[in-house]
Amino acid sequence: MDVAPTAADRRSACLAALAQGPGRFHEPRRADCPWCGSPRLRVLLRSTDLLQRKPGTFTLDQCAACAHLFQNPRLTPEGRDFYRGDPHLYGAHQGLGGPLADRLLGTRPGDRRHLARALALRALDEPECWLDVGTGAARFPDLARRVLPYTAFDGLDQGRGVEEAVRSGRVEEGHRGSFPALAHRLAGRYDAVSMFHHLAGSPDPREELKAARLALRPGGHLMIEATDPECRFARLLGKWWPCYAQPRHLHLMPLAGLRAELTRLGFTVVAVDRRTPHVPADLTGALALVVNGRLPQGDVPWRARPAPLLRRGLRRAGWWASVPPLALAHALDRLLSPLLTRTGFGNAYRVIARRDAG
């Protein structure tokens, strides 16, 4: 049985990792675009870790040829592990992080959104077996059964949640590890593969798409939901746009680039939706990040000394004081959502592509 590390263990591990400076977590900087190979790059933004406030500065570059956005220099595997959210750190009293961040930043889809995903594919096909990549605790497969009762759902993820999902019956089979590494073992097993906001955190989205093609049978469908970097909120909010999610997002792909790559790999795009996948949380998330950056930092293991009681009390009071403006921002997000998704402010898109034969 896995034992949760103690606070002292986490502090010791974080301080040891930071001893050589946060620069150790970065690969060498690229001189060309990882998507099209063009050397025409420009710095789009520089940001710190606005969510957890771990040390380090991160740069998003944009390719002038294909508009692909990517973290440059990219985090190493060790860096991605270090900056991944720590579920032990955050409770409601700590402020922005863990489950609270999921709610405020819109990264935890509601049941209705999960069901809409299943219905979108059911309109085209009723798959016999479906693999959900990046499934986490398998909330999507668990709910999708309501509208696809004869579909067998499997899950794949690098975290322990997929193992618990098997034990609880949310998925029939769970695969733990990297999708590209496991793809040959899963070749030709599935009628449907889904990736919901999975590609942004992948070191190589192309390899994920190749793995999906390998796992699908001819005629099977791949469903992708991804952050839309062409969203007008990106320009309006700058680094405070929560969907940039630095340093956890490594790639943000324009829709045209993804469609072209799917076609090259032997898929036919059969449906595109830039409205339904929108998560109405841009204003709420931006405000929450600003508040989080202005308040004293809580008791976190990457600081040498535990936070004093006064600092923790001020942080707690600050979050309580921010509830009314956050509630107003949330109301605006939801009220304006129908208009925003019609005027270029939708923050996500959905693509469904059919795997061609051969």
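The values are calculated or read from the model by the stated rules, or taken from the named source; none is laboratory data. Only a predicted model underlies this, so the values are computations on that prediction, with no experimental measurement involved. A quick note on method: Cβ atoms are made from the backbone with ideal geometry, for glycine too, and the neighbour counts reach across all protein chains shown.
Points to keep in mind about this one:
- When Gly155 is tested against (1) in a loop (DSSP other than H, G, I, E, B); (2) at pLDDT 95 or above; (3) not basic (Lys, Arg), exactly one condition is not met: (1).
- Members of region 158-173 that are part of a loop (DSSP other than H, G, I, E, B), without any contact (Cβ under 8 Å) to a residue 24 or more places away in the chain and under 23 Å from the mean Cα position of the chain (by Cα): Gln158, Gly159
- Checking each residue in region 215-247 for being in a helix (DSSP H, G or I) and closer than 22 Å to Leu51 by Cα picks out Arg232, Phe233, Ala234, Arg235, Leu236, Leu237, Gly238, Lys239, Trp240, Pro242, Cys243, Tyr244.
- Checking Pro242, Pro254, Pro205 one by one, the residue that is modelled with pLDDT of 95 or more, out of contact with any Cys (no Cβ under 8 Å at 6 or more places or on another chain), within 29 Å of Ala187 (Cα to Cα) and buried (at least 19 other Cβ atoms within 10 Å of the Cβ) is Pro205 and no other.
- Filter result for Thr343 (among the hydroxyl-bearing types (Ser, Thr, Tyr), part of a loop (DSSP other than H, G, I, E, B) and either on the phi < 0 side of the Ramachandran plot or at pLDDT 95 or above (or both)): yes
- Filtered residues of region 262-293 (kept if touching a strand residue (DSSP E or B) at 6+ places or on another chain (Cβ under 9 Å), assigned to a helix (DSSP H, G or I) and within 20 Å of Ala67 (Cα to Cα)): Leu262, Thr263
- Within region 37-61, tally of residues that are touching a strand residue (DSSP E or B) at 6+ places or on another chain (Cβ under 7 Å), exposed (fewer than 15 other Cβ atoms within 10 Å of the Cβ) and closer than 20 Å to Leu199 by Cα: 0
- Filtered residue count, region 190-202, keeping only those that are in a helix (DSSP H, G or I) and surrounded by fewer than 24 Cβ atoms within 10 Å (Cβ to Cβ): 2
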